[in-house]
1. Can you find a residue that is part of a helix (DSSP H, G or I), within 28 Å of ALA214 (Cα to Cα) and in the same structural domain as GLU105 (by TED's automatic domain parsing) anywhere in the stretch 277-298?
2. Please indicate, with yes or no, whether at least one residue in the stretch 114-126 is at pLDDT 95 or above, within 23 Å of LEU237 (Cα to Cα) and out of contact with any strand residue (DSSP E or B) (no Cβ under 9 Å at 6 or more places or on another chain).
3. Determine whether PRO249 is touching a strand residue (DSSP E or B) at 6+ places or on another chain (Cβ under 7 Å), touching a residue at least 40 places away in the same chain (Cβ under 8 Å), surrounded by 14 or more Cβ atoms within 10 Å (Cβ to Cβ) and not basic (Lys, Arg).
4. Residues to consider are GLU257, GLU232, GLU268, GLU240; find the one that is part of a helix (DSSP H, G or I) and either surrounded by fewer than 17 Cβ atoms within 10 Å (Cβ to Cβ) or not assigned by TED's automatic domain parsing to the domain that holds GLY163 (or both).
5. Among the residues of the stretch 101-110, count how many are of a type outside the set (Gly, Ala, Ser) and either out of contact with any strand residue (DSSP E or B) (no Cβ under 7 Å at 6 or more places or on another chain) or farther than 12 Å from PRO298 by Cα (or both).
6. Tell me the residue from SER210, SER218, SER187, SER238 that is of a type in the set (Gly, Ala, Ser) and farther than 27 Å from ALA89 by Cα, please.
7. In this structure, is ALA144 touching a strand residue (DSSP E or B) at 6+ places or on another chain (Cβ under 7 Å), closer than 13 Å to LEU173 by Cα and in a helix (DSSP H, G or I)?
8. Could you check the stretch 133-174 and list, in sequence order, the residues that are basic (Lys, Arg) and either in contact (Cβ under 8 Å) with a residue 12 or more places away in the chain or buried (at least 24 other Cβ atoms within 10 Å of the Cβ) (or both)?
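The values are calculated or read from the model by the stated rules, or taken from the named source; none is laboratory data. Note that this is a predicted model, so its numbers are computed, not measured. Ideal geometry is used to build each Cβ from the backbone, glycine not excepted, and the neighbour counts take in all protein chains shown.
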Amino acid sequence: MTTMNFLLCQMRDTGNLPMPKLWWNRIVLLVFVAFCCIDQCNAMDSNPISPRETIRLYEGDAPGATGSAEHDVPVIAWWPAIDRGLTAAVVICPGGGYGGLADHEGSDYARWLVSHNISAFVLRYRLGSKGYRHPVMLGDVSRAMRMVRHHATKFSIDPKRVGVMGSSAGGHLSVTLLTHGDDGNPSADDPIDRHPSRAQLGILCYPVVSMITANTHSGSRKNLLGDNPSEELLRDLSGELAVNDTTPPMFLWHTWEDTGVKVEGVLELAASLRRHNRPFELHVYEKGPHGIGLGVRPYEPDHPEKLHPWTNECARWLGEHSFGSSALQKK
């Protein structure tokens, strides 16, 4: 029986009641309706269909902007966690070969993170298909990390628990941040730039890792670096070569079946992390095409069994690193 039908039945049944009981029943019904409204609001918060707010990374033109169209304006879309206390946060870099932005690797990931009580920020970074080149993209994700921390109170997030996540080319942007992040500039005129861009952890989904010819994704490299990048730049932006002794923990996954981006890049990244004694978790699945995302489109929060197995493994890993639902927090 629906809530409305229940109310109508109750209202019909009050017709022959004495006046005191009639008023009492009406009060009970009002309380019932109020709780139904609260439950509905909570359901909407736990399964959001759109971000609460979209925020420009810069008040004026972004550094290096070549115009004022939508694609010239980097923004973050804020998806708040369910918990009203301080939560962890993840900045999401959608894939798209540095030529586009795949929504299912942005908004769907945000909904999934929110379901695990993690605040999500989907980044719209500038693209090579619109004439931008490195380091513009790294500047955009770095600014997003700083902004999330600067507005930690507004977002109800813990600035010491901010990670980054990306798929395909967005994974390359994420690993570039993970290997090039900084601690901020305490003397910067812009207070946002005083905050660190460094991430506490990274989630890389079938990422482009290398810019070296043998293992790169040629379209992503061209959109990011143009036609004739220097060998020094190629090496600097190859994640497997850029890992260092302070690189944050990473969750890596890929599929053997992926013909769009080679799995060798992830394997070499994992080997490099091991050499530097940096924590990581690696999953290589046999099945799954490039761009698989959560394994189902659109994301169905009421049917987690339909999601790809990496989501369960990642949720556990996030809990072990004190991200996510309280039940998963490290003891």
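1. No: zero hits.
2. The answer is yes; a qualifying residue exists.
3. Numbers: touching a strand residue (DSSP E or B) at 6+ places or on another chain (Cβ under 7 Å): yes; touching a residue at least 40 places away in the same chain (Cβ under 8 Å): yes; surrounded by 14 or more Cβ atoms within 10 Å (Cβ to Cβ): yes; not basic (Lys, Arg): yes.
In short, yes.
4. After applying the criteria, what remains is GLU232.
5. 4
6. SER218
7. When the stated conditions are applied, ALA144 passes them.
8. If the condition is that a residue be basic (Lys, Arg) and either in contact (Cβ under 8 Å) with a residue 12 or more places away in the chain or buried (at least 24 other Cβ atoms within 10 Å of the Cβ) (or both), then ARG133, ARG143, ARG146, ARG149, LYS160, ARG161 are the ones that fit.
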